[in-house]
Amino acid sequence: MAAQPPTSVDVVVVGAGTAGAIVAGRLAAAGDRSVLLVERGPGAPPDPSITALTRLPLDDPERSAPVAEIRRRPVVRGRGLGGSAAINGGYFLRPHLADFDAWPSWWTTERCAAAFTALDGGAAGGGAMSVSTFADDELGDVAAAFERYWTPRSGPPELGAWSRPGLVRVRSNRRAGRRFTAADAFLASPTPGLTVLGETTVAEIVHDGRRVHGIRIGAEHVAAGDVILAAGALGTADLLLRSEVLRALGLPRLPTHEHAERLVRFTPRRSVQAPALLQSVVHSDDGLEIRCYGDDFARFIGGHAERGVPIGVTDLREPTRGVVDEAGLDLGVPTPESRARMDRGAAQVAQMLAASEFTELVVPGSIEIDPTIGMSQHATGTLPLDGPDVDHLGGFRALRGLRVVDGSVLPGPVHSGPHATIAMVAWAIAEELTGQNKVFQ
């Protein structure tokens, strides 16, 4: 890690989470350009205790940061190498193949599948992200009961690369019980031409309204031919606002999409084994993801009071629509139709928990549906690919030299959590950029 930023580089990448690590690592590895990767959090790998799948360190001030939301709902994003992937549940699940039918024409299903396979190894697992499906003998107690209930009703769990309607066994980016992040995969070995600056905040993007000229770190200007934003949908939006890029482009606000989630909880009769937070899900025909969490959130997150083991009911078909603007972040609320879908799913989960498969796990009379609807920490879609503001590779149409490669650019809903899809997008865009000249636009 460098103590001081260079005065000039070919490319600046902002954010060392999944997308930023992939893009910076692959551009530097191409060997024909200098790359500066800037990260506001620690520039060193996290302590092993942080990455254990049995812990979600959302309370760790070094590796996580709260994001203010107008409706005062809790929003937490990761800091440091690996970003949010260093502190999340280790879920790395492809969406449904049909989701890509509505993507821009450049993003063919063949191109997307090839990028996914490079990262997750396809059905066999592996790949750059060390992905594997949880095996039968790895399932925790709640997940095992969940699959016993659903297998006669929707068939055996899907164990392959793609998710689909029905019971789906979760795939995870992991090694030896720990999250394996894109920083582990793409930044662990020294790469000539790559400089990583941790504990460094980008004050603004330097531009003249037509072209980007670099970034400002404190009082220092780092000149760059290209700036790639990979700070996550919310971090990137914040930097664009602070740099008055949106104002220069006549964009008063950015849209956001989120996955709303209703929880159904029960009190367990005994302590349950839970080697990971989420090992099995059901994708319903009407777009819900029923998430079988392994134990009380308090088991995984420090400082949380015990409230019972949760089963999540999440609407993947119709994310909430919110905004980011100068007034702040508003993640929006579910539509009446979305709320009704989640209510039906919650009632179905309550029925499941009362079934014989859960008799040994659930205290009678303890099943409760949470009255409030929460969010999944999945904000995406602020600058969709090939939309009015950025092209099919995330390059701003009206501000040359500036590109966005993170969850901001997902062009529509996907039937899974967005982590694997964000990684796929970053891989595919990096693949294209490494075949071009130093100046991409």
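Given the options Ala124, Ala98, Ala135, name the one that is over 27 Å from Ser284 (Cβ atoms) and not acidic (Asp, Glu).
Residue meeting the stated conditions: Ala124.
Does Pro156 satisfy the condition of being touching a strand residue (DSSP E or B) at 6+ places or on another chain (Cβ under 9 Å) and either in a helix (DSSP H, G or I) or outside the structural domain of Val13 (by TED's automatic domain parsing) (or both)? The answer is yes for Pro156. Checking the range 354-375 against the condition returns a match, with at least one residue being closer than 30 Å to Val245 by Cα and surrounded by 19 or more Cβ atoms within 10 Å (Cβ to Cβ).
Within the range 313-331, the set of residues being of a type in the set (S, T, N, Q) and closer than 29 Å to Arg247 by Cα comprises Thr320 only.
When Met129 is tested against (1) under 30 Å from Gly387 (Cα atoms); (2) surrounded by fewer than 23 Cβ atoms within 10 Å (Cβ to Cβ), only condition (2) is not met.
Inside the range 1-54, residues that are within 21 Å of Phe116 (Cα to Cα), surrounded by fewer than 22 Cβ atoms within 10 Å (Cβ to Cβ) and of a type in the set (A, V, I, L, M, F, W, C) make up a count of 2.
With more than 30 Å from Pro156 (Cβ to Cβ), at pLDDT 95 or above and crowded, with 17+ Cβ neighbours inside 10 Å as the only criterion, which of Asp315, Asp330 stands out? Exactly one residue qualifies, and that residue is Asp330. Only one of the listed residues (Val390, Val362, Val349, Val323) is β-branched (Val, Ile, Thr), in the same structural domain as Ile87 (by TED's automatic domain parsing) and modelled with pLDDT of 95 or more. That residue is Val390.
With respect to the conditions (1) under 17 Å from Leu93 (Cα atoms); (2) in a loop (DSSP other than H, G, I, E, B); (3) of a type in the set (A, V, I, L, M), Leu393 falls short on a single one, namely (1). Of the listed requirements (1) closer than 17 Å to Asp389 by Cα; (2) assigned to a strand (DSSP E or B), Gly209 misses just one: (2). The C-beta contact set for the range 81-95 (first residue more than 9 Å from Arg179 (Cβ to Cβ), second residue among the acidic types (Asp, Glu) and crowded, with 24+ Cβ neighbours inside 10 Å, distance under 8 angstrom, 6+ apart or interchain) comprises Leu81/Glu39; Phe92/Asp120; Arg94/Asp120.
The values are calculated or read from the model by the stated rules, or taken from the named source; none is laboratory data. Keep in mind the model is a prediction, meaning the values are calculated, not measured. A quick note on method: Cβ atoms are made from the backbone with ideal geometry, for glycine too, and the neighbour counts reach across all protein chains shown.
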